Amino acid sequence: DGGITQSPKYLFRKEGQNVTLSCEQNLNHDAMYWYRQDPGQGLRLIYYSQIVNDFQKGDIAEGYSVSREKKESFPLTVTSAQKNPTAFYLCASSTYRSSYNEQFFGPGTRLTVL
Amino acid sequence: SQKIEQNSEALNIQEGKTATLTCNYTNYSPAYLQWYRQDPGRGPVFLLLIRENEKEKRKERLKVTFDTTLKQSLFHITASQPADSATYLCALRRTTDSWGKLQFGAGTQVVVTP
């Protein structure tokens, strides 16, 4: 089955630690995205990548970093510089070949800072 | 400032009735608007896309309208069923943004009771 996988589903982090969230897709999609979702707020874009080895900052990139070394993978690192990292993180992908331009989302990772 | 507003109050509706959700935006020039469905603890799932030059789109029991003069999209679920209970998100792509970059509303929760 084609889709997007995110791991882990739940992640606990101590203050001051960096953590990396995994996102993998086997849809052969060109573009990948990371969003953060907080209660009562819309999805906010952290980073996105339209092609391998290239990525752009979204609206809330401070305290986060990404890499796109392979088409299938787009890991997100939440650094200790992120002031309030507790949130639900969603990874998505999309393809230029779709006329709907829809984004396909993974199941999400819930990060809690202890 | 640019904003996308969806009704934050949950919409409670009886099975068989039509649910109507609103997405209002200010200070955007949208290229297109999308609607997604999100179940608790899961990633959003794409439902429909409507472009700036389109007035209405339908898919099975779903209908979306787009009024760029009013800066508003309406999302209708006809003959609603308990399985339609979820949060529905609207998302815009601005004409000034790169391909794939979306701005999301916070979503409206729909609860359909038998």
**OP:** Determine, yes or no, whether A:VAL19 is hydrophobic (A, V, I, L, M, F, W, C) and surrounded by fewer than 19 Cβ atoms within 10 Å (Cβ to Cβ).
**Re:** no
**OP:** Go through region A:47-97 and give me each residue that's open to solvent by 30 Å² or more (accessible area, probe 1.4 Å), within 13 Å of chain B (Cβ to nearest Cβ) and without any contact (Cβ under 8 Å) to a residue 24 or more places away in the chain.
**Re:** A:GLN50, A:ILE51, A:ASP54, A:PHE55, A:GLN56, A:LYS57, A:ASP59, A:ARG97
Original post:
Where in region B:1-109 are there strands (runs of 3 or more DSSP E), lying fully within it, with 1 or more residues that are more than 14 Å from chain A (Cβ to nearest Cβ) and not charged (D, E, K, R)?
Top reply: B:11-14, B:19-26, B:62-67, B:72-77
Original post:
If we scan region A:10-32, do we find a residue that is within 10 Å of chain B (Cβ to nearest Cβ) and among the aromatic types (Phe, Trp, Tyr)?
Top reply: no
Subject >> Selection count, region A:55-112, where residues are within 29 Å of B:ILE50 (Cα to Cα) and of a type in the set (D, E, K, R) >> reply: 6
Original post:
Quick one: how many residues across region A:98-114 are of a type in the set (Gly, Ala, Ser), exposed (fewer than 14 other Cβ atoms within 10 Å of the Cβ) and farther than 18 Å from B:TRP99 by Cβ?
Top reply: 0
Original post:
Quick one: is A:ASP38 among the charged types (D, E, K, R), surrounded by fewer than 22 Cβ atoms within 10 Å (Cβ to Cβ) and under 26 Å from B:GLU5 (Cβ atoms)?
Top reply: yes
**OP:** Kindly provide the set of residues from region B:66-111 that are under 23 Å from A:TRP34 (Cβ atoms) and among the charged types (D, E, K, R), ordered by number.
**Re:** B:ARG93, B:ARG94, B:ASP97, B:LYS101
Original post:
From the list B:ALA10, B:ALA19, which one is over 30 Å from A:TYR48 (Cα atoms), among the aliphatic types (A, V, I, L, M) and open to solvent by 40 Å² or more (accessible area, probe 1.4 Å)?
Top reply: B:ALA10
Subject >> Those residues of region B:61-85 which are within 26 Å of A:ASP59 (Cα to Cα) and open to solvent by less than 40 Å² (accessible area, probe 1.4 Å), in sequence order >> reply: B:PHE66, B:SER73
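The values are calculated or read from the model by the stated rules, or taken from the named source; none is laboratory data. Given the structure is predicted, the values throughout are model-derived calculations rather than measurements. Positions of Cβ are generated from backbone atoms using ideal geometry, with glycine treated the same way; all protein chains shown enter the neighbour counts. Keep in mind that these areas ignore ligands, DNA and RNA; they rest on the heavy atoms of the full protein, side chains included. Shrake-Rupley method; radii C 1.70, N 1.55, O 1.52, S 1.80 Å.
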